[in-house]
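Nothing in this text is a laboratory measurement; each read-out follows from the coordinates by a stated rule. Note that this is a predicted model, so its numbers are computed, not measured. Note that we place each Cβ from the backbone using ideal geometry, even for glycine, and neighbour counts take in every protein chain shown.
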Amino acid sequence: MKIITWNCNGALRKKFTNLLDYNADIYIIQECENPEFSIDDNYKNWASNYLWIGDSKNKGLGIFASKKHLIEKLDWDYTYNNNSVKHFLPCRINNNINLLGVWTHKNNSPNFGYIGQFWKYLQLNKHLFSNIIIAGDFNSNTKWDEWNRWWNHSDVIKELKDIEIDSLYHSYNKVEQGSEHHATFYFHKKINRPYHIDYIFGSKSIINNINQFEIGDSKKWLILSDHVPILLDFN
């Protein structure tokens, strides 16, 4: 099975054809428009098997599957201390694998923006994180840890490892968090402003069956977005 995650930087209807060469089974796309309200027939046809959430019909988080796969939304908790966290889209693939799409936000939180949003979601739902893939734009890296926080990027990584979930890039390439050799995001599309802030995490059952893990070429993808796609191919 092939899974792609990509922050498309909007207007997916004009860009989705660039993903077709991957021939993926599942696409997790951040900053994409809701196909329900699109007037682009080609986009609506490609996106006919999908789940989507967002604050605006023009920009949200979508999971798109090829027609041969069954995807069912899961009703997981997203309210922590009476505050909703965003954006997280859990689903089950073919009644077999759990998938969590991620696009973290500042969410107007003075203290728990971005990785803090995921930390809250993790506290609510980690008991459900079995045989799971977690993928998306986390807007985070251990390089930005702050000494006085207990929910830093590194703390989240440790909590995931405690339940035998790890970053597939770091496991596959045998590198430590913060020492990445490949960028997933280029600030203002500038090649000299690279960051690694998009991730695919997986349970041991996924890690032990990786066929391919690939980060897209910036020369091709920066024409379309400030992020590049990440590909996971596994048995």
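For this structure, a couple of remarks:
- Charge tally in the Cβ shell below 13 Å around Ser203, where Lys, Arg are +1 and Asp, Glu are -1, Ser203 excluded: 0
- Cβ-derived FRET efficiency at R0 30 Å, His69 paired with His105, nearest 0.05: 0.60
- Computed over all pairs of different Cα atoms, the Kirkwood value for the hydrodynamic radius of the chain is 17.8 Å.
- Each residue of segment 47-52 was assigned a 3J(HN,Hα) from its phi angle through the Karplus curve 6.51 cos²θ - 1.76 cosθ + 1.60 (θ = phi - 60°); the sequence is 9, 6, 10, 8, 10, 8 Hz, with glycine and proline shown as x.
- Where trypsin sites (Lys or Arg not before Pro) fall in DSSP loop in segment 5-89, at most 12 other Cβ within 10 Å: Lys67, Lys68
- Debye, to nearest 20: dipole size of segment 2-234, +1 on Lys, Arg Cβ, -1 on Asp, Glu Cβ: 360
- Residues of segment 200-222 with amide N under 19 Å of a point placed 7 Å along Cα→Cβ from Lys143: 200, 215-219, 222
- Loop sites here are chymotrypsin sites (Phe, Trp or Tyr not before Pro) outside DSSP states H, G, I, E and B with no more than 10 other Cβ atoms within 10 Å. The longest part of the chain free of them is 1-146.
- Among the listed pairs Lys14/Lys158; Lys67/Lys106; Lys174/Lys204; Lys14/Lys161, those beyond 27 Å (Cα-Cα): Lys14/Lys158; Lys67/Lys106; Lys14/Lys161
- Ranked by how many other Cβ atoms sit within 10 Å of their own Cβ, fewest first, the residues Asp145, Asp162, Asp75, Asp198 fall in the order Asp75, Asp162, Asp145, Asp198.
- Residues Asp21, Asp226, ranked from the fewest to the most other C-beta atoms within 10 Å, line up as Asp21, Asp226.
- Panel order for Glu33, Glu164, Glu159, by other beta carbons found within 10 Å of each beta carbon, from fewest to most: Glu164, Glu159, Glu33.
- Placing R0 at 35 angstrom, the Cβ-Cβ distance between Ser56 and Asn81 gives a FRET efficiency of 0.85 after rounding to 0.05.
- Values of log10 I(q)/I(0), in the order q = 0.12, 0.18 Å⁻¹, for segment 174-235 under a Debye, Cα-only, solvent-free model: -0.33, -0.69
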